[in-house]
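Below: the structure, in structure tokens.
The values are calculated or read from the model by the stated rules, or taken from the named source; none is laboratory data. Only a predicted model underlies this, so the values are computations on that prediction, with no experimental measurement involved. All Cβ positions, even for glycine, are placed from backbone atoms using ideal geometry, and neighbour counts span all protein chains on display. Surface accessibility is based on the protein's heavy atoms, side chains included, excluding ligands, DNA and RNA. Shrake-Rupley method; radii C 1.70, N 1.55, O 1.52, S 1.80 Å.
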Amino acid sequence: MFQKVAIVGATGAVGRIMLQLLAERNFPAQDYKFLASARSAGQPLQFLGKTWTIEELRPEAFRGCDLVIASTPDDVAAKYLPAAVEAGCTVIDESGYWRMKPDVALVIPEVNPQAALTAKGIIASPNCSTTQMVVALKPLHDAAKVRRVIVSSYQAVSGAGLVGTSDLLSGTKAHLEGKEFKYECFAHPIAFNAIPQIGSFKDDGYTSEELKMVYETRKIMGAPEMQICPTCVRVPVANCHSETITVETERPVSPDEARRLFAAFPGIVVVDDPATGRYPMPQDCTGRNEVFVGRIRRDLSHPNGLSFWCVSDNLRKGAATNAVQIAELLAEHRFAKPQAK
């Protein structure tokens, strides 16, 4: 097992779920330490039936650790995580800073586990909207090679952090009471609204969130030629991102074949019975670690096209769960008992 695991950002929305998962899944670690900003340092933290004291995140804080799991803003990851690597740690990073660095593995365990096993230093976990889409694309790509993807995401406010959730709840209350409300997280009201911008605008009118879906998907799947057209929208949903995905494959994939492929793939749950009103919805998928797929149907505009609906908990599989699964993959590989001859 790992000797000492450092958790960076344990007090954030993703960090809290990460701790819950590590405890629930009996992660193989002998000891832990918890690192956060100076503002949180010294505060008590309950974990595994014990009270721990949060320590300030400093470069020297990684000494004696062999694994680091970090959920921080990009600038914090850029500043501190190289010190963890220098201290001899394997680092699993949730931020966006390292994802597209050529020498950094970008990993979803169900999709490209070998990239984690051969990685040196930092292993990046993808953006939440990318993660659920790539899990859903993988079985189709293996069976019929995906050429083109058109995706629209409907992203929950929890993806913007605790302040995003606060904006939705307080803004909704104010709206219903006919009062003014000053939003802290969003540039426009999120209550009873949809905002077709997540991140800043970049080249050709695409946002940074949309470009993440393009470039991260290509890197994870090893498919630089894959054509991807994304639109990302923030919607007044507390948790779970939803996506409409249309794919063009090299050969036709029927809805029945797609259902079989999805159902057989690890981490995907098929909920697809429109006749009885059964399809994935955020309220049913929150708190779950899987990617849910439904509304599977042929694309009327292309003979090799397939369309479906995809929902996943962005704080879990989109963030905390994926990071913990990477850590479990490393533990399984490093600490596997040799087979008897």
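Residues that are modelled with pLDDT under 95 and either at positive phi or touching a Lys or Arg at 6+ places or on another chain (Cβ under 9 Å) (or both) within segment 185-235 comprise just one, 204.
Those residues that are touching a strand residue (DSSP E or B) at 6+ places or on another chain (Cβ under 7 Å) and surrounded by 15 or more Cβ atoms within 10 Å (Cβ to Cβ), I need them from segment 1-27; list them, please. If the condition is that a residue be touching a strand residue (DSSP E or B) at 6+ places or on another chain (Cβ under 7 Å) and surrounded by 15 or more Cβ atoms within 10 Å (Cβ to Cβ), then 2, 4, 5, 6, 7, 8, 9, 10, 11, 15, 18, 19 are the ones that fit. Kindly indicate which of 90, 53 is surrounded by fewer than 13 Cβ atoms within 10 Å (Cβ to Cβ) and in contact with a Gly (Cβ under 8 Å, 6 or more places away or on another chain). So the residue among 90, 53 that is surrounded by fewer than 13 Cβ atoms within 10 Å (Cβ to Cβ) and in contact with a Gly (Cβ under 8 Å, 6 or more places away or on another chain) is 53. Residue check: residue 64 meets all listed conditions (1) without any contact (Cβ under 8 Å) to a residue 40 or more places away in the chain; (2) loosely packed, with under 15 Cβ neighbours inside 10 Å but one, namely (1). Taking segment 50-72 as the range and being in a loop (DSSP other than H, G, I, E, B), over 17 Å from residue 101 (Cβ atoms) and not hydrophobic (A, V, I, L, M, F, W, C) as the test, the residues that pass are 58, 63, 64, 66, 71. Sub-8 Å Cβ pairs linking a first residue in segment 1-24 that is under 16 Å from residue 128 (Cα atoms) to a second residue that is acidic (Asp, Glu) and open to solvent by less than 30 Å² (accessible area, probe 1.4 Å), at least 6 apart or interchain, are 14/94, ordered by first then second residue. Just so you know, in segment 38-49 the residues that are part of a loop (DSSP other than H, G, I, E, B) and free of Cβ contacts under 8 Å to residues at least 24 places away in the same chain include one that is least open to solvent (accessible area, probe 1.4 Å), and it is 41. Scanning segment 169-220 for residues that are over 25 Å from residue 123 (Cα atoms), of a type in the set (D, E, K, R) and either in a loop (DSSP other than H, G, I, E, B) or under 22 Å from the mean Cα position of the chain (by Cα) (or both) turns up 177, 179, 180, 182, 184, 202. Screening residue 208 on (1) open to solvent by 80 Å² or more (accessible area, probe 1.4 Å); (2) without any contact (Cβ under 8 Å) to a residue 12 or more places away in the chain shows it passes everything except condition (1). Any residue at all in segment 105-121 that's under 24 Å from residue 37 (Cβ atoms), in contact with a Leu (Cβ under 8 Å, 6 or more places away or on another chain) and not small (Gly, Ala, Ser)? No, there is no match, as no residue in segment 105-121 is under 24 Å from residue 37 (Cβ atoms), in contact with a Leu (Cβ under 8 Å, 6 or more places away or on another chain) and not small (Gly, Ala, Ser). For segment 243-257, taking the residues that are within 14 Å of residue 138 (Cα to Cα) and under 23 Å from the mean Cα position of the chain (by Cα), the one that is surrounded by the most Cβ atoms within 10 Å (Cβ to Cβ) is identified as 247. In segment 97-110, of all residues being touching a residue at least 60 places away in the same chain (Cβ under 8 Å) and touching a strand residue (DSSP E or B) at 6+ places or on another chain (Cβ under 8 Å), the one that is surrounded by the most Cβ atoms within 10 Å (Cβ to Cβ) corresponds to 107.
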